Each structure stands twice: as structure tokens, then as C-alpha cells.
Amino acid sequence: MFLKLNIKDNVGIYLGGNKIFYINNKKHTIGIKIPYGHKFALKKITKNNFIIKYGEIIGKAKKNIKIGTHVHIHNMI
């Protein structure tokens with residue numbers, strides 16, 4: 001289960017449980033263990049593109065980030 005509060009968001013907040021999610025009726029899986037409350041990509045985020053959470057820019061991608069990948073300090077600035 002995850003939380004997405006704004007239509008602009010390209011990351012979701014992982015709330016535990018099911019690691020399967022759907023975007024545009026396409027099934028995706030959260031690929032690695034993501035701690036409760038951490039972000040993961042809801043769509044492909046290319047290098048230097050903004051990371052958006054709660055409708056606000058919170059950083060930029062250091063590298064390309066695949067759908068379902070943990071988004072944290074290791075891949076964002």
C-alpha cells in the first residue's frame with residue numbers, strides 16, 4: 001500500500017504490505033525492501049528531473065530512477 005497526495009507526484013510513500021501497484025492499469029512491483037514511510041518512484045524519473053512529493057519539488061534525480069525503485073539520498077540531490 002502507498003500514499004500519493006497530489007496528481008503531480010512522481011513518488012509514492014510506502015505504507016507497508018502489498019508491493020504491487022498499478023499506474024494507468026499497468027501492474028508494477030516495488031523491487032527492493034523499502035522502509036515504511038520512504039519514497040519510491042511511481043514513474044520513470046530521468047537524471048536531473050525533479051522529484052515531486054505532495055505536489056512540491058523536493059529534489060532532483062542524480063541518475064535515472066526506474067519505476068518501483070527506492071528514492072532516497074543515494075539517488076537524489
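Report, to the nearest whole %, how much of the accessible area of the chain belongs to carbon and sulfur atoms, 1.4 Å probe, protein only.
Carbon plus sulfur share of accessible area: 56 percent.
What percent does the relative contact order of region 7-52 come to when contacts are Cα pairs within less than 8 Å and at least six residues apart?
That works out to 51 percent.
Specify which residue in the list Tyr54, Phe2, Thr29 is farthest towards the positive end of the charge dipole of the chain, using unit charges on the beta carbon of Lys, Arg (+1) and Asp, Glu (-1), about the Cα centre.
Thr29
About the Cα centre of the chain, how large is the charge dipole given +1 on each Lys and Arg Cβ and -1 on each Asp and Glu Cβ? Please answer in debye to the nearest 20.
Dipole size: approximately 300 debye.
In Å and whole numbers, how far do the C-alpha atoms of the chain stretch along each principal axis, longest first?
Cα spread of the chain along its principal axes, largest to smallest: 29, 24, 21 Å.
Please tell me the relative contact order of the chain in percent, rounded to the nearest whole number, where contacts are Cα pairs under 8 Å and at least six residues apart. Don't jump to the answer; show the numbers that get you there.
Working: 177 pairs, mean separation 23.7, N = 77.
This gives 31 percent for the chain.
The values are calculated or read from the model by the stated rules, or taken from the named source; none is laboratory data. None of the values given here were measured: they were computed from a predicted structure. Cβ sites come from the backbone with ideal geometry, for glycine too, and all protein chains shown count toward neighbours. Each accessible area value is taken on the protein alone, full model and side chains, heavy atoms only, with ligands, DNA and RNA left out. Shrake-Rupley method; radii C 1.70, N 1.55, O 1.52, S 1.80 Å.
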